[in-house]
1. Rank-order 61-70, 47-56, 119-128 by packing density, defined as the average count of other C-beta atoms within 10 Å over each peptide's residues, highest first.
2. With a cut-off of 8 Å between alpha carbons and a minimum separation of six or more residues, what is the relative contact order of the chain in percent?
3. I'd like the Karplus ³J(HN,Hα) series for the stretch 67-83: coefficients 6.51, -1.76, 1.60, θ = phi - 60°, whole numbers in Hz, and an x wherever there's a Gly or Pro.
4. Using 0.36 nm per residue, how much length does the chain from ARG40 to SER121 gain when fully extended, once their Cα-Cα distance is taken away?
5. Which whole-number value in Å² is the accessible area per residue of the stretch 1-111, probe 1.4 Å?
6. If you roll a 1.4 Å probe over the stretch 124-176 with all protein chains in place, what percent of the accessible area is carbon or sulfur?
7. Report the convex hull volume per residue for the chain, counting only C-alpha atoms, in Å³.
8. Please list the equivalent ellipsoid semi-axes of the stretch 89-154, computed as the square roots of five times the alpha-carbon gyration tensor eigenvalues, in descending order and whole angstrom.
Amino acid sequence: MIVWVNGAFGSGKSTLVDELRPRWPEALVFDPEMVGFVLREIVESPTGDFQDLRLWRRQVASLAVGLVEEHHRPVLVPMTLVDAAYVGEIFGALRDADVSVHHFFLKAPREVLEKRIDGRSFTPDDPEQDEQVRRWCKGKIESCLAAADTLPSDTVFLDGELTPEELAGQVLARVRPEGTSST
């Protein structure tokens, strides 16, 4: 099983997955951004976004399937994925491999997202790069918010302004892993 935690930058995806980990210790965490970082060292994306690389999408789906098939454990995936074609491509590959996907989308107002992005440090040793990353993340907010209407019909929308503890409880109540406490 894949539990994909989606949402705009600053919506709390990684924070939610960090909250889920101790409550669901058998779950693995797979961050597709790492695949993007590796690819960025090898090839350039003409758009500057590694998600636009077909190879990234194929590798993300393949690695997620491999983790489920070879380790027989649930996989938590914190990743913004809002391009409808890319969602279809990756989730379609997961379905084709008979991997169940629970898709959650954290919704938060633009002001909250901007405040959270401003409060983060992406590259502490390089303030100029840090600001560039913040601008890039903020520049993606509108498309992320608009994409909520294009996500698969089984997407579960969660209030990104709730506490991580409350959100983790909601996720666990929906996926109901055996022997896992939702408190």
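The values are calculated or read from the model by the stated rules, or taken from the named source; none is laboratory data. Note that this is a predicted model, so its numbers are computed, not measured. FYI the Cβ positions are ideal-geometry reconstructions off the backbone, even for glycines, and counts take in every protein chain you see. Remember, those area values only see protein heavy atoms, side chains included, never the ligands or the DNA or RNA. Shrake-Rupley method; radii C 1.70, N 1.55, O 1.52, S 1.80 Å.
1. Working: 61-70: 16.7, 47-56: 15.0, 119-128: 10.2.
Ranking the peptides 61-70, 47-56, 119-128 by packing returns 61-70, 47-56, 119-128.
2. The value is 35 percent.
3. Karplus-based 3J(HN,Hα) across the stretch 67-83 equals 4, 5, 5, 8, 10, 6, 9, x, 10, 8, 10, x, 7, 5, 8, 10, 6 Hz.
4. Working: separation 81, 0.36 × 81 = 29.16 nm, distance 2.05 nm.
Extra length from ARG40 to SER121 when fully extended: 27.1 nm.
5. On the way: 5240 Å² over 111 residues.
About 47 Å² of surface per residue is accessible.
6. Values: 1530 of 3280 Å².
Its accessible area is 47 percent carbon and sulfur atoms.
7. Dividing the Cα hull volume of the chain by its residue count gives 124 Å³.
8. So the three semi-axes of the stretch 89-154 are 30, 16, 10 Å.
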